[in-house]
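Enquirer: Please find one structure pasted underneath; my questions will follow.
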Amino acid sequence: MAAAPLGGAAGSLLQFLRLRVPRTGWVYRNVEKPESVSDHMYRMAVMALVTEDKQLNKDRCVRLALVHDMAECIVGDIAPADNISKEEKHQREEESVFQAAMKHLTQLLSEDLRKEIYELWEEYEHQSTAEARFVKELDQCEMILQASEYEELEKMPGRLQDFYDSTSGKFNHPEVVQLVSSINIERNKKIAATASEPCA
């Protein structure tokens, strides 16, 4: 006999937890087995967890990282390949689609959780705190870290250059700057090694 479908709070929570989609930028570039939005947010949360910056509220950074892209689970994200300006992206996200998606998602939760998650999302969108600005840098850092991993898996160093180009000049936090520098040094060595290999 089939189990009855879950209703009420348990059914809503299950629906909330099943929202998982691949990140658009990797799909556009035909990356095999692209990371999902939730994969991206999880690694960002780990990055936030290991920050040494005592000026930041680490718990809040982790929460912001886990919430910041939730709307994209419904409407998809905007990737560098979409060629959309920062202003237009912000306008799209600020307007109906992303707000409606977040409201839909949070309606699946209890009132207290609904308010907490929506307010965290708004804090990130408005970049209104030091924590939100730090997490924004983690967002872009995680993207190029993932790009470097895909290039390595595909044995095609440099293939995803547009993702790096889209982050140029956007890193200011010392920890993130150092991490990005390490990613770039490692990646540039691989690009140089490939360029020096004799043609078949």
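The values are calculated or read from the model by the stated rules, or taken from the named source; none is laboratory data. Computed from a predicted structure; not experimentally measured. Counting neighbours? That spans all protein chains shown, and the Cβs are built from the backbone with ideal geometry, glycine included. Ligands, DNA and RNA are excluded from the accessible area calculation, which covers all protein heavy atoms including side chains. Shrake-Rupley method; radii C 1.70, N 1.55, O 1.52, S 1.80 Å.
Enquirer: Got a number for residues in segment 149-200 being hydrophobic (A, V, I, L, M, F, W, C) and under 27 Å from ALA48 (Cα atoms)?
Expert: Residues that pass the stated criteria total 10.
Enquirer: Which of the helices (runs of 4 or more DSSP H) contained wholly in segment 119-198 include at least 3 residues that are open to solvent by 60 Å² or more (accessible area, probe 1.4 Å)?
Expert: Values: elements: 130-154, 161-165, 174-196.
Qualifying helices (runs of 4 or more DSSP H): 130-154, 174-196.
Enquirer: Ok, one more. May I ask you to say which residue of LEU105, LEU113 is buried (at least 18 other Cβ atoms within 10 Å of the Cβ) and either in contact with a Phe, Trp or Tyr (Cβ under 6 Å, 6 or more places away or on another chain) or part of a helix (DSSP H, G or I) (or both)? First the steps, then the outcome.
Expert: Numbers: LEU113 fails: buried (at least 18 other Cβ atoms within 10 Å of the Cβ).
After ruling out the rest, the residue left standing is LEU105.
Enquirer: Checking the condition closer than 23 Å to ALA192 by Cα and modelled with pLDDT under 95, which residue from LEU145, LEU113, LEU153 passes?
Expert: On the way: LEU145 fails: modelled with pLDDT under 95; LEU113 fails: closer than 23 Å to ALA192 by Cα.
The unique qualifying residue is LEU153.
Enquirer: Looking only at segment 7-63, filter to residues that are among the β-branched types (Val, Ile, Thr) and open to solvent by 40 Å² or more (accessible area, probe 1.4 Å); which one of those is modelled with the lowest pLDDT?
Expert: In the first step, residues of segment 7-63 are kept if they are among the β-branched types (Val, Ile, Thr); the result is 21, 24, 27, 31, 37, 46, 50-51, 62.
So of that shortlist, the ones also open to solvent by 40 Å² or more (accessible area, probe 1.4 Å) come out as 21, 27, 46, 50.
Numbers: VAL21: 78, VAL27: 81, VAL46: 98, VAL50: 97.
Looking at residues that are among the β-branched types (Val, Ile, Thr) and open to solvent by 40 Å² or more (accessible area, probe 1.4 Å), I get VAL21.
Enquirer: For segment 77-84, does any single residue satisfy the condition of being modelled with pLDDT of 80 or more, out of contact with any helix residue (DSSP H, G or I) (no Cβ under 6 Å at 6 or more places or on another chain), not in a helix (DSSP H, G or I) and not polar (S, T, N, Q)? Walk me through how you get there before you give the answer.
Expert: Initial filter on segment 77-84 (modelled with pLDDT of 80 or more): none.
Within segment 77-84, none of the residues are modelled with pLDDT of 80 or more, out of contact with any helix residue (DSSP H, G or I) (no Cβ under 6 Å at 6 or more places or on another chain), not in a helix (DSSP H, G or I) and not polar (S, T, N, Q).
Enquirer: What's the number of the condition SER168 fails, among (1) of a type outside the set (Asp, Glu); (2) more than 30 Å from MET102 (Cβ to Cβ); (3) free of Cβ contacts under 8 Å to residues at least 12 places away in the same chain?
Expert: (2)
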